[in-house]
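Written out below as structure tokens is the structure these notes cover.
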Amino acid sequence: MKIVVPVKQVAALDDECELLGDGSGVDPDGLEWELNEWDTFSLEAALALREAAGEGEVVAITVGDEEAEEGLLSALAKGADRGLRIWDDELAGAAPDALAVARVLAAAVGRESPDLVLCGVQSSDAVNSATGVALAGHLGLAHVAVVKGLERDGSALTVERELEGGLVERLRVALPALLTIQTGINEPRYATLRAIKQARQKPLELQTLADLGLDGAQVASASGSRRRRLAPPDRGGGAEMLDGSIAEVAARIASLVKERLG
Amino acid sequence: MAGILVLAEARRGELREVSFELIGAALELKPYAGDRLVVALLDAGAPGHAAALAADGVDEVLTVTVPVAQFEAHVAGRALEALIEQEAPELVIAAHSIDALGFAPAVAASQGLGFASDVTGLGWDDGGPVAMRGAYGDKLIAEYDFPGKSCTLLLLRAGTFAAVDAGPGSAPARAVELELSELARTEHLGYEEVAEGDVDITKADFLLSIGRGIEEQDNIAQFKELAQRFGATLSVSRPLVDAGWMPGARQVGQSGKTVKPRVYLALGISGAVQHLAGMRTAETIIAVNTDPEAPIFSVAHYGAVVDMFELADELEQALG
Amino acid sequence: MARDPKHDILFEPIQIGPKTLRNRFYQVPHCNGAGSEKPGMQAYNRGMKAEGGWAGVCTEYCSISPESDDTSRVSARIWDEGDVRNLAAMCDRLHDFGALAGIEMWYGGPHAPCMETRATPRGPSQIPSEFEINIHPRHMDEDDIVEVQQMYVDAALRAQEAGFDIVYVYGAHSYLPLQFLSPFYNKRTDRYGGSFENRARFWKECLEKVREAVGDDCAIASRFAVDTLYGSSGIQVGEDGVRFVEYVDELVDLWDLTVGDIAEWGQNAGPSRFFEENHEKPFTGQIKAGDHTNKPVVGVGRITNPDTMVAIIKSGQFDIIGAARPSISDPFLPNKISEGRLDDVRECIGCNQCISRWEIGGPPLVCTQNATAGEEYRRGWHPEKFHPAANRDRGVLVIGAGPAGMECAMVLGKREMAAVHLVEAGKEIGGCVNWISLLGHSDGKENLARGTARGLGEWTRIVNYRQIQLDKLTNVEVHTGSKLSAQDVLDYGAEIVIVATGCHFATDGLNPATHAPIEGADASLDWQLTPDEVVAGTKTIGNRVLVLENEGYFMGASVAQKLAGAGHEVHLLTQMGDIAGYMEYTLEAPMLHRDLHRLGVNIRPYTMLEKIEPGACHAYNVWHEAHKEVFEVDTVVLCTQRQSNDELYRELKSDKRRLQAEGIENVFLIGDASAPRMIVDSIFDGHRLAREIDSPNPAMPLPFIRERRLWGEASNDDYRSQLLNTPDVVVA
């Protein structure tokens, strides 16, 4: 069984992070990088399936610059068999959005012809929650999003979908398929120092768009949006203070809560 | 090519409240987007929803018959594609919900649509929609537009846009027949309610959080009950854990858990820096404290300087 | 990072007499075991606080005469030029960092046994000290009074010479000036006794004379216990307390306020077990609130939270935030607040280990949270500075994230080891702190004398601080829920392995009294428990419980408190003369005893068990084995002794060739896994190993500077040269 696990090296803003003057982005010095938390769960799910089957290959793929290499090495250290990083100067210029990344991934994943693709539900920096399902759309794969439970059932999977309000739906989906995995589905393993050292010996390839048969224009047209500005959130004047009698305040709070929970 | 298509949502036979927020948001943009607003619902036959969705300002309600009662992502995806083909809207508005996340990005990808998710603000500029959403986990706000896209699909964050009142209004309803059989690629096996078990406050949508203002351990029971009535999960600030009154699993804060619920209702919490670090990115923060200078008011969206016990009594009444 | 503007008020300077404090952070006088005879320790320990931003830093109580000698407890002394020379080192260092130096001039009277000097202490009335053994003072006539007042003046002049900026006439904790003021001590019928003015006369005259001698140059401070908590037999804040402040206000440039006296000064240095932050407010807060003074006031209350500090100043409770223990736990507290680095603050946990070493008499201070306290000079350790380890290209595996493991991993991280993996078998880091911090409660009801058994929740700060620091260290990974076997360790790929696997309570009654197990003791049975099982709640506890406590610290007593508070009938036995002996030193004993007595715990000292049977424990008196007793109980809790969890270590060490083959250079054993000890010592053990991880033989602690008299002529370098081969020494 071949399982592809797309991963992302995500940026966390540290407290000192500054916006670039023109609002076009964030000062890169203020960024700290680490493997997306959701991807540690999807990777673990893949490794567990491989172990249960006693055979198989887990391939970690990422679209990213040199920083992203660390994320792949981390995946290899935890047990992925092979890593593939896709990067290109064309991608460096305009930060590709979820749909553009999905298009690039689709080219690479398509070539792998995996039985299963496990993505994280979202990344902690962009939080689009879209790349995985968009990738399924490009590949025409059966897909289930926000999976919190997973069991192999021959050539199919029984999965649990985490719904709002603590409800869970159980589904069966036949392979090949793509799932987006929710945090808490398992206990991600960690890599020992030896595994970290040995990760560098595992195959880790770098491919450009051309290697995948793509060009910049195709990727640009696959994009779904253009970010035209980045700004600090509107602080406003602090909290909107609720006045009136305690009964009025209580009523207002109750209705605010109802509103906000949808 | 014109107009807005709103994709309403239902689950287990009930219309979801967010549907009315989507209509409300769409109405704001309707004048710019060809002045036509159509609401669609994938309906396995529950009556009355069409009438409810026919709110003021809606031009037409479309009910699409689906082969199975439960949501199925591939069926929904094909239905959306067909609706877009038929109605040719400029803008499609759906919820940033678990169901929509299950198919909307695939449709956007395969159809080459404009796309943005978790949208918290909308506008119109240069003949096209503009969407605002958080960046770096809501630390910043990003603005997006969609040049060159004849149709843009936006997923709106629930609880952010003002809901309209339900219909019935004057909008006619129309049943839409689509060829959707044989499209399902998943099989529904059943639903389960998740048991209480070990509480994980990071997963809660609604946290009711108590702090030092509680004064005595005996007072916790009242707020436990209130949380339950309110449908909230109870969380606490550090002093209550230090005092041994509540387990660390419920602690919000730098040395406890970082939470980002839809609603964070803080009662009697002053807002020490370490506590704020654990909850300041919650979507809606409502703070109640008798001290008007309490630091929590600097991160709260709403505040009230009232006694938490009196408020709790009133809330119990308000909740009925 | 920038300071939060709401904390700006803490950094406003304030005038005290002829001097100016540059901010509102003030280290009130506290003991550190240095005195005048370890000048290096004194200068560097105090200096660290000045470097960390404290505007005023004081000595401990400083004896003004050989008649005031507290041996074996360590006080400072300013008797002669040698003391001036030694204390000047402290003043110079404080001044280098921009802080004012304060000296707390002390005459103890009957509370100072004079075991070294063999002098005779004097006092207002001839009544022996209520807590020293058999020390009577000589009754002071008016000539004595003049003579002793001159001692204050002479001491003040020496203090000025040494460079002190703030000179105290110290009466709090019931030392001489307060002994005159308080009817508890003063039974005189002359003009120094009886009426308020008469009783206040001695102190007032001291202030006048000292002020006249040095007041132009130095700020005159007075430390005053506004309420000695004895009711009308002592000083009460509402009566003589406020009255005295008003009466001598003109003579004082800075009021340093406390409560209580020396017999139970745990009411002032309140342990977190019984007292919350700012616990003295009801008493010391009355002075400014009632407009009884026109002068700046500093007060304490184990204040660690910057927002509390701001509220104290803004509300007018005090003008200056006083701290002893919070400054020991984090000498850099002010700087960290100033820099907005609040998550780097190491908060005091109120365990009073620092105090315990002084109470014992002799040892230098220690601190659970800050392993460098007391080591600034003799080991050259700086709490905020760490030198990159010479062998930092090595990978380290630390097994066990309890106090020792967390501390070791943290310091190794700060010393820039290439990779540190801290692996913990449990779900959370913290080790024994996680369950120990749940103890300390009883029935939730208020105690007889202020304060309630509020539990050891603040001890979780041990974990909070380290968790935050470990998260910040990019070269440290923490993995929980992972129990490593010897094979896992061998396969791990670390060159350095540090085993910190903690300890467990003996299940067979093995104990320090008899050095043997107890017949019938078996904590695997469901009616016998170890203390951790009591906290875990895994076994049912019957109505009648016997707790056997042989360790002498808090465990047995805390278990008894918990179970009695829950309504059980509890017998608490110890072979020693008193239960929880060490808690005398941490000042927790009086409140503990009050609680246990209130709860009806049957306390039985000098009693040991010889046999345990279902339903009956057979005990005997240690002085006379024929004095036997049977306790009919349902449950037995064994707090006899602890034993290291060192199996993993022994297994690893058993095959040295295998270690070599796997590239493991060293396997170390730290904390309770090496030998069960108090948490403060486990943290120290982990810290020391990390500081010395690059010494030739890290398992053996390197020599430290011993400040003893070297025969012949000696220079400072002769002492410092003892430290040359320590890798992590900061060049002063």
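Brief remarks follow.
- Evaluation of B:ALA104 against the conditions (1) buried (at least 22 other Cβ atoms within 10 Å of the Cβ); (2) among the small types (Gly, Ala, Ser); (3) facing chain A (nearest Cβ under 7 Å) shows that the sole unmet condition is (3).
- Test: residue in region B:199-215 that is among the aliphatic types (A, V, I, L, M) and modelled with pLDDT under 85: yes
- Meets criteria (surrounded by fewer than 18 Cβ atoms within 10 Å (Cβ to Cβ) and touching a residue at least 60 places away in the same chain (Cβ under 8 Å)) for A:ALA80: no
- Within region C:133-157, the set of residues being surrounded by 23 or more Cβ atoms within 10 Å (Cβ to Cβ) and over 17 Å from C:ALA119 (Cβ atoms) comprises C:ALA156 only.
- Residue in region C:606-634 that is nearest to the chain's Cα centre (by Cα), counting only those that are in a loop (DSSP other than H, G, I, E, B) and crowded, with 16+ Cβ neighbours inside 10 Å: C:TYR606
- The residue that is farthest from C:ALA43 (Cα to Cα), counting only those in region C:382-428 that are in the same structural domain as C:LYS472 (by TED's automatic domain parsing), of a type in the set (A, V, I, L, M) and surrounded by fewer than 24 Cβ atoms within 10 Å (Cβ to Cβ), is C:ALA425.
- Number of the condition not met by C:TYR553 [criteria: (1) assigned to a helix (DSSP H, G or I); (2) away from chain A (no Cβ under 14 Å)]: (1)
- Meets criteria (crowded, with 16+ Cβ neighbours inside 10 Å, within 25 Å of the chain's Cα centre (by Cα), farther than 29 Å from C:GLU424 by Cβ and in the same structural domain as C:VAL622 (by TED's automatic domain parsing)) for C:ASN550: yes
- Residue that is of a type in the set (A, V, I, L, M) and assigned to a strand (DSSP E or B), where the choices are C:VAL680, C:VAL637: C:VAL637
- For region B:254-279, residues that are assigned to a loop (DSSP other than H, G, I, E, B), within 14 Å of chain C (Cβ to nearest Cβ) and out of contact with any strand residue (DSSP E or B) (no Cβ under 9 Å at 6 or more places or on another chain) total 4.
- Under the condition of being in a helix (DSSP H, G or I) and either farther than 26 Å from B:GLN70 by Cβ or within 14 Å of chain A (Cβ to nearest Cβ) (or both), the residues counted in region B:27-54 number 3.
- For the condition in contact with a Pro (Cβ under 6 Å, 6 or more places away or on another chain), facing another protein chain (nearest Cβ under 7 Å) and either over 15 Å from A:PRO6 (Cα atoms) or surrounded by 20 or more Cβ atoms within 10 Å (Cβ to Cβ) (or both), A:VAL133 qualifies.
- Residue within region C:96-109 that is assigned to a loop (DSSP other than H, G, I, E, B), at pLDDT below 95 and in the same structural domain as C:GLY193 (by TED's automatic domain parsing) present: no
Residue-wise test of (1) within 21 Å of C:GLY361 (Cα to Cα); (2) touching a Gly at 6+ places or on another chain (Cβ under 6 Å); (3) of a type in the set (A, V, I, L, M, F, W, C).
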{"residue": "C:GLY98", "(1), (2), (3)": "no, no, no"}
{"residue": "C:GLY108", "(1), (2), (3)": "yes, no, no"}
{"residue": "C:THR120", "(1), (2), (3)": "yes, no, no"}
{"residue": "C:GLY123", "(1), (2), (3)": "no, yes, no"}
{"residue": "C:PRO128", "(1), (2), (3)": "yes, no, no"}
{"residue": "C:ILE133", "(1), (2), (3)": "yes, no, yes"}
{"residue": "C:MET140", "(1), (2), (3)": "no, no, yes"}
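- Among (1) over 27 Å from B:PRO147 (Cβ atoms); (2) within 14 Å of chain A (Cβ to nearest Cβ); (3) hydrophobic (A, V, I, L, M, F, W, C) - the single one B:VAL61 does not satisfy: (2)
- Scope region A:68-85; condition among the charged types (D, E, K, R), under 16 Å from the mean Cα position of the chain (by Cα) and not in a strand (DSSP E or B); matching residues: A:GLU69, A:GLU70
- The residues in region A:24-69 that are touching a residue at least 24 places away in the same chain (Cβ under 8 Å) and more than 15 Å from A:TYR190 (Cβ to Cβ) can be counted, and the count is 27.
- Condition check for B:GLY77 on (1) within 13 Å of chain A (Cβ to nearest Cβ); (2) in contact with a helix residue (DSSP H, G or I) (Cβ under 8 Å, 6 or more places away or on another chain); (3) closer than 28 Å to A:LEU141 by Cβ; (4) at pLDDT below 95: one failure, at (4).
- Checked against (1) crowded, with 18+ Cβ neighbours inside 10 Å; (2) assigned to a helix (DSSP H, G or I), C:PRO282 passes all but a single condition, namely (1).
- In region B:120-147, the qualifying residues are those that are closer than 25 Å to A:CYS119 by Cβ, of a type in the set (A, V, I, L, M, F, W, C) and at pLDDT below 95, and the one that is surrounded by the most Cβ atoms within 10 Å (Cβ to Cβ) is B:ALA135.
- Of all residues in region B:281-320, those satisfying the criterion of being out of contact with any helix residue (DSSP H, G or I) (no Cβ under 8 Å at 6 or more places or on another chain), closer than 17 Å to C:ALA311 by Cβ, at the interface with chain A (Cβ under 9 Å from one of its Cβ atoms) and of a type in the set (A, V, I, L, M, F, W, C) are B:PHE297, B:VAL305.
- Selection from region B:278-294 of residues that are over 23 Å from the mean Cα position of the chain (by Cα) and surrounded by fewer than 21 Cβ atoms within 10 Å (Cβ to Cβ): B:THR290, B:ASP291, B:PRO292, B:GLU293
- Members of region C:530-540 found to be assigned to a loop (DSSP other than H, G, I, E, B), surrounded by fewer than 19 Cβ atoms within 10 Å (Cβ to Cβ) and in contact (Cβ under 8 Å) with a residue 12 or more places away in the chain, listed by number: C:LYS539, C:THR540
The values are calculated or read from the model by the stated rules, or taken from the named source; none is laboratory data. This one's a predicted model, so the numbers in the text were calculated from it and none came from an experiment. Backbone-built Cβ (ideal geometry, glycine too); neighbour counts: all protein chains shown.
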